[in-house]
Each structure stands twice: as C-alpha cells, then as structure tokens.
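The values are calculated or read from the model by the stated rules, or taken from the named source; none is laboratory data. All figures in this text were calculated on a predicted structure; none of them were measured in a lab. Using ideal geometry, Cβ is built from the backbone for each residue, glycine included, and neighbour counts are taken over all protein chains shown.
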Amino acid sequence: MSDPTARNTSTAPTGPTRRTGPAARIDAATPAHRDRAVDALRAFAVLGVVLGHWLVTALVGDGRTLRTASPLQHLPWLAPVSWVFQTLAVFFLVGGHVATRSLASARARGVPYHHWLRGRMVRLFKPVVAVLALWTAVAVALLLSGVEFATTRTLVKLALSPLWFLLVFAVLTAATPLLTRLHPLWPLAVVLHVDLLRFGLGAPGALGWINVAAGWLVPYTLGAAWSRGELDRRRSGWILLVCGAAATAALVALAGYPAAMVGVPGAAVSNLDPPTLAAVTFGLAQCGLALLLRAPLARALRRPLAWAAVALVNLSAMTLFLWHQTALMATTAMTLPLGSRPGLHTRPDHLGWVADRLLWLPVFACALAVCWAAFHSWERGTGERKDPGGPRARSRVVRTHHPGKDVRHV
C-alpha cells in the first residue's frame, strides 16, 4: 500500500541480536529506512474501520426483506463508540504523507508521473476486481432465485460500500502533484461554507457532496505537510488534537450536529455521508493524536512481534478492507438455518445485543481469514514499473531473500 522514501526514520533495533522465529525474520528483513510508525497508523486505521462496521452494522429481516440496522439508532448514547472506530481521517493523513514522499522519490529517480500513478492505481484497484466479480455473480444468482430486489440491493450495497473510499482516495492520489503545497485551511474553509449554506441558509442538500472531496482533502493535505516536516513538533499534534476536539464538541453541543461520527440508518443528518464540518474537525483531532503517537509507536515497534503483526496487516490491508463486509454477511447467511441468533439476526435495540455482537467478532474474523486465504493473491505482487524494461518496484514492507537471486521487496 505504501512506498516510503529517502528519509531515514528507522526504528529497527541496533546491536547484536539473535534472529530466530518468523517475527524476528520479518524484523530482520525490514528495510532500515522503513518508518514503522506510519505503517502502524495505517494498520490501526484499517482495523478501526473493520471493527467499527462489525460492531454497528446489523442485517435484520423485515418480512421477506433484509435491511441494515444499527444499535446507534436505538441506543444513541453509544455514539462514543464511533469516535474510536471511525478512523478514515488517519488513513487519509497517512495516504497524503506516503504519496507525497513517494512522488518526490519518483521524481528524484526520473520516473515519469504517469508511471508513478499507474503503479499506485494498480495497487489500489487490482484487488477490487475479485470483489466486483464475486458480487456480480452473487447478485445475479440472488435475483434469479427470486430473492427480493430490496434485499439484493441491501447486500450488494453493503459489500461494495468500501469502494466509495477508494474512488475518493484514487482522485486525491492522482492530484498529489497539485496538492503537495495546498494548505489544509483551504479545503477546511470550503467545508465550513458548504455547511453554512446547507444548514444555515437552506441550500439544497446535494451541495454537501462537494465535501466528499473537500472534507478528505483536509487530512490528505495535512499528510503532505507532514512529509515536508511542517508537523514534526509535538506542539503541532497538540494543537490539532485540542482545537479539533473543542470544535467538534461545540458543533455537536451547540450547532446540532449528530454525535455519531458514522452514518446511522434513518437519521436526518449523517456526519459521514457526505462529510460534515463536525466530521472534519473530529478528523483533525484524530490526526493530532496520530502525530503525537508516532514516537511511542516507533519505540513499541522495535519489538519484532509487534512489528510482524503490523507488517502483516499492511501487506493485506486492501484485502481486509474490501472483504470485511462480505465476511459479516457470509456469517449472517450461513447461520440462518440455525435460527435467529442473538447479536446477529435480531434487532439491535438493547444493550444485550451489543454484548452478543462482541461474541460474534471472532467468528467474523475467522470468516475474514477465509476470504483472505482465497483472495489475498490479488493484492500480492501488485506494483509499478519504472521505465520500460526497468525493474519492478514493490511495496517495501519487508525484504525476502531467495538463493541465487537479488533481494526482493514485498
């Protein structure tokens, strides 16, 4: 997923160590310049989205029709859960940081922009082919078997919902040469004015879709500023965290924005669909916290076992992200013959449902592991070619050694 470049931010342990076991071998094979804290932030962002969806997404039968439901509909006081697991701003922060550094490295090596972009788009969209192929077949099979169209639409929409994020991310990645010097206050001002027009002056709600680009531009351009060294001081992290949290609290308490930072079925206003000013200020707070955690994460990831876990998540990030909703729905469907199971098929309208859903998380994880085993090859080996005939560049999380061959990065 990433392509870190020249600046040496190594967190690898120094001094003589005995390398035994898979974790130690992964640690030893990691390039010295790898910024492990960046990979940890990306891993946390991906896992936050996965766990968040598993905790607040339910499929409930309504006659012959399946529809989505959320415990946040019935238990609004659970909104703080969304503050923990809505981590997309961190992903865009890391994405802007890595893309900016990767582009600078490509330029330094004389790699043309279109070659650089093609490599990043292949990495981003190659794993999508398997998801689209499978769910096209599933949708056709469901409709031919007489399943209600509304049910089929619900399932397909849920399975393909991660794709909206990839489209936005792809557009911002393609525009990286134009965004590397854009100050985050400019897109933040756009979001502010769009919300003023929508909620204050009665402008059409469709105007809010401008915020799909502007809202995620804010953390993306923060990532670009980070790559330029403008956010290296801890003071920058504290300013973002405190000001972002204070602004979000004021918007929720005084301006009537929803407290939940995810979409809630049936809600009049969603903070995420499209992004609101509250979602963006909340993202600023998350980005500030992420910047403050860099040093502690770097120290923690000197431990081979911790780094191995982060490296493996990064190597499978797209597979985990694209297939986690499928894992949830597969578990829901395969357990239907056993009858209505609490926390899975029942209405999420009481606290007991939440406790039951927590017990299902390991089952979802096992289903996702099956999806990973079946489809992770679509993510492995993606990369970019430099000049025609040049070597193939790969995501350099760890190196693998083959007898009689050069070192290969994977």
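A few remarks follow.
- Of Phe125, Phe91, all but one fail to be surrounded by fewer than 18 Cβ atoms within 10 Å (Cβ to Cβ), among the aromatic types (Phe, Trp, Tyr) and part of a helix (DSSP H, G or I); the exception is Phe125.
- Only listed residue being more than 29 Å from Leu124 (Cβ to Cβ) and at pLDDT below 85, chosen from Leu351, Leu338: Leu338
Residues checked against (1) surrounded by fewer than 22 Cβ atoms within 10 Å (Cβ to Cβ); (2) farther than 20 Å from Thr87 by Cα; (3) at pLDDT 85 or above:
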{"site": "Thr14", "(1), (2), (3)": "yes, yes, no"}
{"site": "Thr20", "(1), (2), (3)": "yes, yes, no"}
{"site": "Arg25", "(1), (2), (3)": "yes, yes, yes"}
{"site": "Asp39", "(1), (2), (3)": "no, no, yes"}
{"site": "Arg42", "(1), (2), (3)": "no, no, yes"}
{"site": "Gly48", "(1), (2), (3)": "yes, no, yes"}
{"site": "Val56", "(1), (2), (3)": "no, no, yes"}
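- Any hit, segment 187-200, residues being within 14 Å of Pro274 (Cβ to Cβ) and touching a Lys or Arg at 6+ places or on another chain (Cβ under 9 Å): no
- Flag if Phe169 is buried (at least 17 other Cβ atoms within 10 Å of the Cβ) and either assigned to a helix (DSSP H, G or I) or of a type in the set (Lys, Arg) (or both): yes
- Whichever residue in segment 293-316 is of a type outside the set (Gly, Ala, Ser), surrounded by fewer than 19 Cβ atoms within 10 Å (Cβ to Cβ) and more than 21 Å from the chain's Cα centre (by Cα) and, among such residues, is nearest to Gly95 (Cα to Cα): Pro296
- Condition met for Ala259 (of a type in the set (A, V, I, L, M, F, W, C) and in a helix (DSSP H, G or I)): no
- Residue within segment 201-209 that is in contact (Cβ under 8 Å) with a residue 60 or more places away in the chain, at negative phi and touching a strand residue (DSSP E or B) at 6+ places or on another chain (Cβ under 6 Å) present: no
- Unmet criterion (only one of (1) of a type in the set (Phe, Trp, Tyr); (2) surrounded by 14 or more Cβ atoms within 10 Å (Cβ to Cβ); (3) over 20 Å from the mean Cα position of the chain (by Cα)) for Phe282: (3)
- Residue check for Val313: modelled with pLDDT of 95 or more, assigned to a helix (DSSP H, G or I) and of a type in the set (A, V, I, L, M, F, W, C): no
- Here is the figure for segment 33-85: residues that are assigned to a loop (DSSP other than H, G, I, E, B), within 21 Å of Gly352 (Cα to Cα) and out of contact with any helix residue (DSSP H, G or I) (no Cβ under 6 Å at 6 or more places or on another chain) total 3.
- Odd one out for Thr319 among (1) of a type outside the set (A, V, I, L, M, F, W, C); (2) under 22 Å from Thr65 (Cα atoms); (3) surrounded by 15 or more Cβ atoms within 10 Å (Cβ to Cβ); (4) in contact (Cβ under 8 Å) with a residue 60 or more places away in the chain: (2)
- Qualifying positions in segment 260-269 - more than 19 Å from the chain's Cα centre (by Cα) and within 19 Å of Ala247 (Cα to Cα): Val269
- Phe199 falls short on exactly one of the conditions (1) among the hydrophobic types (A, V, I, L, M, F, W, C); (2) loosely packed, with under 15 Cβ neighbours inside 10 Å; (3) over 17 Å from Ala285 (Cβ atoms), and that condition is (2).
- Residues that are aromatic (Phe, Trp, Tyr), more than 25 Å from Thr57 (Cβ to Cβ), over 19 Å from the mean Cα position of the chain (by Cα) and surrounded by fewer than 18 Cβ atoms within 10 Å (Cβ to Cβ) do not occur anywhere in segment 208-221.
- Residues of segment 58-78 satisfying the condition of being buried (at least 18 other Cβ atoms within 10 Å of the Cβ) and closer than 21 Å to Thr248 by Cβ: Ser70, Leu72, Leu78
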